[in-house]
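Heads up: the structure comes next, in structure tokens.
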Amino acid sequence: MRIAARHAVATDVVALDLAPLDGTPLPDWEPGAHVDVEVVPGTERQYSLVTTTPEGNWRIAVLREPDGRGGSLAVHEALTVGAEVVVAGPRNHFGFDPTRPAVFVAGGIGITPLVAMIGAAERAGTPWELHYAGRSRSRMAFVDELVAAHPERVVVAAADEHPRLDVVGILAGPRDAVVYCCGPRALMDAVETAAAHWPAGSVRVERFEPVADVDAPGEPFEVELAVTGVTVTVPSDRTLLEVAEEAGAFVLSSCREGTCGTCETPVLEGAVEHRDTVLSPEEQADDRTMMVCVSRARRGCPRLVLEL
């Protein structure tokens, strides 16, 4: 794809419109979807889709993070209009349910997938509210458009203007609604804690950073690759993905840190120690699938059987 347009949408936030090189119409996608972008050769990052533009291009928005891992700096410094990038997806592990009222909670650049959901809610007539936190309005992408279009539904908590977002107060009383949250890890953790008394499945979060112990060593375990027809042993210091690839299994993968969902694999037998940030707690408890780039057999489970 190529960068068809680029413009600032807040301090240190740039929106990029991605267009296919051959002009082929892009596929439809559901709110909450993200794409993998190879921002420089060998470096992929995941970005939520904000909208499909009137020209038919995909729009993403990227925050410049000087202390990050380098992906956002590459976007801001190298991806100018006309630049070509490799894009995979879209994929969606942050689905929106238009049949239930929505409580949107955004922190900073976490607003990007929620913009798409708000548009879908409006089209479907779904009741919704947005609580949007940031350091200052100047750093909050799309805040002026959202407030102007929906003044009664949008609550802005800019840290330099008001006290911090009262997550506990917002979620104090369980409702017949789904809470959608995207933003810094601390905000998502706070939302999950504050809504722990809500019915199971009421909170959906989108995380693009790995869990803290994603690289921690684990116990060795055996894996039967049911499709490939071999059984392998995964040592304590290697990932299931690495060992499966060496054994000849075909595994789609991208981030290799449990955040994108590309390597999701059906589990036929066994119990999993889930280290991803893609599956919900309920999905992890079911042990029906796993992210083989980071997850392992649960302690005490010596063997997994996977559809690989």
Rounded to a whole number, what % of the accessible area of segment 173-297 do carbon and sulfur atoms account for, probe 1.4 Å? 51
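For the chain, which semi-axes, largest first and in whole Å, follow from the square roots of 5 times the eigenvalues of its Cα gyration tensor?
On the way: eigenvalues 227, 123, 61 Å².
Equivalent ellipsoid semi-axes, largest first: 34, 25, 17 Å.
Could you give the accessible area per residue of the chain, probe 1.4 Å, as a whole number in Å²? Intermediate results must be reported in sequence, preceding the final value.
Numbers: 14320 Å² over 308 residues.
Computed with neighbouring chains in place, this is 47 Å² per residue.
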Between Val179 and residues 5 or more places away or on another chain, the pairs with built amide H atoms under 5 Å apart involve Val103, Val203, Arg204
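Can you give me the relative contact order of the chain as a percent, contacts being Cα pairs under 8 Å and 6 or more apart? Walk me through the numbers before you get to the answer.
Working: 639 pairs, mean separation 42.5, N = 308.
Here the relative contact order equals 14 percent.
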Nearest 500 deg cm²/dmol is fine: what mean residue ellipticity at 222 nm does the chain get from its DSSP H runs of n ≥ 4 alone, each adding -39,500 (n - 2.57), divided by its residue count? -5000 deg cm²/dmol
Tell me, how many Å apart are the Cα centres for segment 203-227 and for segment 137-189? 30
Using a simple spin-label model with points 7 Å from Cα along the Cα→Cβ vector, what separation in nm is obtained for Ala226 and Ala285? 2.4
Whole-number D in µm²/s for segment 208-308 (Stokes-Einstein; Kirkwood sum over Cα pairs; 25 °C, 0.890 mPa s): 187
Over segment 1-141, what relative contact order in percent results from Cα pairs under 8 Å that are six or more residues apart? 29
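Output the Kirkwood hydrodynamic radius of segment 12-76, Cα pairs only, in Å rounded to one decimal.
Details: mean 1/r = 0.0789 Å⁻¹.
After inverting the mean inverse Cα-Cα distance, the result is 12.7 Å.
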Amide proton proximity set for Glu273, modelled H, under 5 Å, gap of 5+: Arg296, Ala297, Arg298
Given segment 126-234, report the % of alpha carbon pairs whose separation exceeds 20 Å. 57
Expected output is a single nm value to one decimal: the length gained when fully extending between Ala8 and Leu252, i.e. 0.36 nm times separation in residues minus the C-alpha distance. What is it? 84.5 nm
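Suppose a student asked you for the relative contact order of segment 215-308, using Cα pairs under 8 Å spaced at least 6 residues apart; what percent would you report?
Working: 193 pairs, mean separation 33.8, N = 94.
RCO, segment 215-308: 36 percent.
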Taking the chain as the reference, fit the longest principal axis to its C-alpha atoms, fit the long axis of helix 185-194 to the helix C-alpha atoms, and give the angle between the two in degrees, 0 to 90, nearest 10. 90
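Given N residues in segment 74-155, what is its alpha carbon radius of gyration divided by 2.2 N^0.38 Å? It would help to have the intermediate numbers written out before the result.
Working: Rg = 15.0 Å, N = 82, 2.2 N^0.38 = 11.7 Å.
For segment 74-155, the normalised Cα radius of gyration is 1.28.
Could you give the length gained by full extension between Ala124 and Arg175, i.e. 0.36 nm per residue of separation minus their alpha carbon distance, to one decimal place? Display every interim value, and only then the final one.
Values: separation 51, 0.36 × 51 = 18.36 nm, distance 1.96 nm.
In short, 16.4 nm is gained.
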For Leu304, residues with placed amide H under 5 Å, excluding near neighbours: Glu222, Val223, Glu224
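What is the calculated FRET efficiency for Val305 to Glu38, with r their C-beta to C-beta distance and R₀ = 30 Å, to the nearest 0.05? Show your work: numbers first, answer last.
Details: r = 33 Å, r/R0 = 1.11.
For R0 = 30 Å, the calculated efficiency reads 0.35.
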Pairing the Cα long axis of helix 111-124 with the longest principal axis of the chain, what angle in degrees results, from 0 to 90 and rounded to the nearest 10? 70
Starting from the 7 Å offset along Cα-to-Cβ, what nm value, one decimal, do you get for the label separation of Ala159 and Leu268? 5.0
Using the Cα gyration tensor of segment 1-142, with a ≥ b ≥ c the square roots of its eigenvalues, what is the shape: rounded (a/c below 1.5), prolate (a/b larger than b/c) or oblate (neither)? oblate
From a point 7 Å beyond the Cα of Arg135 in the direction of its Cβ, which residues of segment 1-15 have a backbone N at a distance under 13 Å? 11-13
Relative to the present Cα-Cα distance, how much length would full extension add between Glu65 and Leu21 at 0.36 nm per residue of separation? 13.0 nm
Can you classify segment 111-186 as rounded, prolate or oblate using the Cα gyration tensor, where a ≥ b ≥ c are the square roots of its eigenvalues, rounded means a/c under 1.5, and otherwise it's prolate if a/b beats b/c and oblate if not? oblate
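So, with +1 on the Cβ of K and R and -1 on the Cβ of D and E, and no other charges, what is the size of the charge dipole of the chain about its Cα centre, to the nearest 20 debye?
Magnitude of the dipole: close to 580 debye.
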Just to confirm my numbers, what's the Cα centroid distance between segment 44-107 and segment 267-308 in Å? 28
Sorting Ala83, Gly71, Val115 by the position of each Cα along the dipole of segment 70-135 (Lys, Arg +1; Asp, Glu -1; all at Cβ), the one nearest the positive end of that ordering is Val115
Percent antiparallel among DSSP beta bridges (both partners in the chain, rounded to 5): 60
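The values are calculated or read from the model by the stated rules, or taken from the named source; none is laboratory data. These figures come from a predicted structure and were not determined experimentally. As a convention, Cβ positions derive from the backbone with ideal geometry for all residues, glycine included, and neighbour counts pool all protein chains shown. Calculation scope for accessible area: heavy atoms of the full protein, side chains included, ligands and nucleic acids excluded. Shrake-Rupley method; radii C 1.70, N 1.55, O 1.52, S 1.80 Å.
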